[in-house]
1. Report Rg (one decimal) and Dmax (nearest whole number) for the chain, counting Cα atoms only, units Å.
2. Residues of the stretch 39-77 with the amide nitrogen closer than 17 Å to a label point 7 Å from the Cα of Ile223, along Cα-to-Cβ, please.
3. Hey, for a label at Ala118 modelled as a point 7 Å past Cα toward Cβ, could you say which residues of the stretch 134-157 have their backbone N under 19 Å away?
4. For Lys216 paired with Asp46, estimate the spin-label separation in nm (one decimal), with each label point 7 Å from Cα along the Cα-to-Cβ line.
5. Across the stretch 161-168, in residue order, what do the Karplus-derived ³J(HN,Hα) couplings come to in whole Hz, using 6.51 cos²θ - 1.76 cosθ + 1.60 with θ = phi - 60° and x for Gly and Pro?
6. What FRET efficiency comes out for the pair Leu75/Lys202, r = Cβ-Cβ distance, R0 = 25 Å, nearest 0.05?
7. Through the Karplus equation 6.51 cos²θ - 1.76 cosθ + 1.60, θ set to phi - 60°, convert the phi angles of the stretch 193-210 into ³J(HN,Hα) values in whole Hz; use x for Gly and Pro.
8. Considering only lysines 8 or more places apart in sequence, or on different chains, count the pairs in the chain whose C-alpha atoms sit under 26 Å apart.
Amino acid sequence: MRLHWLQHVEFEGLGFIEDWAVEQGFAITCTRLYENDDFPELDDFDWLIVMGGPMGIFDYNDYPWLTEEKEFIELAIDEEKTVLGICLGAQLMADVLGAKVYPGPQKEIGWFPIHRSADAPALIPEELTVFHWHGDTFETPDNAVPLATSNPGINQGFVYNDRAVALQFHMETTPESMASLIENCGHELVDAPFVQSEEELKAGLPNIGTVNAAMKQLLDALI
């Protein structure tokens, strides 16, 4: 199997997903959008992982590659590749599938619970405390199944055609990836109802084993 992933900023990598893919024997390739790498041919991969980033999906002036990236993601979904979008990646998937993407009622940064939607497939546990770092959210695309919500009433994911999964939250988090986010985006840790302090983020590190196990459950199911 061949896994290709899209990287928006140097400090957000695959995290636990890379460990899992290596263990599965996947061949792994990457398009680093911040370095203006070319996109591969659709026949060159089986899985597409679209990672996060601090930009918005409509920031075309600052990130002109967003236009081509959206076209590429849409083609991959149409070709029935296995597609997983995380945070910004989930928002990009929602947009190309025709759903509204907009600022959420509250920024969510920290360890907060999610609840699996009633009609969602059992790709994730019914309840799970996961790591969040996002301000925007999205509506569920037509013909997609809502996956989960969080306490502020924020949509946390969807499943489309059984092969495309969007996650607003981060189950790929590792201690290293969290430290990198804090280092590069720590200015966002302001006093707000669903924004935790750096100390609270680090206090949640014991959750990582549980969320990585949940990510493995989801990835194994997609195989």
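1. In order Rg, Dmax, the Cα atoms of the chain give 16.0, 47 Å.
2. Once the point is set 7 Å along Cα→Cβ of Ile223, 46-49 turn out to lie under 17 Å by backbone N, inside the stretch 39-77.
3. From the stretch 134-157, the list is 140-141, 143-157.
4. Distance between the two pseudo-spin positions: 2.0 nm.
5. Once rounded to whole Hz, the list reads 6, 6, 10, 10, 10, 10, 10, 6.
6. Once the sixth-power term is evaluated, E becomes 0.05.
7. These are the phi-based 3J(HN,Hα) values: x, 10, 10, 8, 7, 4, 5, 5, 4, 5, 5, x, 3, x, 6, 4, x, 5 Hz.
8. Values: Lys70/Lys81; Lys70/Lys100; Lys70/Lys107; Lys81/Lys100; Lys81/Lys216; Lys107/Lys202; Lys202/Lys216.
Lysine pairs satisfying the spacing and distance rule in the chain number 7.
A short reminder: the numbers here are calculations on the coordinates, not readings from a lab. This one's a predicted model, so the numbers in the text were calculated from it and none came from an experiment. Every residue, glycine as well, gets a Cβ built from its backbone with ideal geometry; the counts of neighbours run over all protein chains shown.
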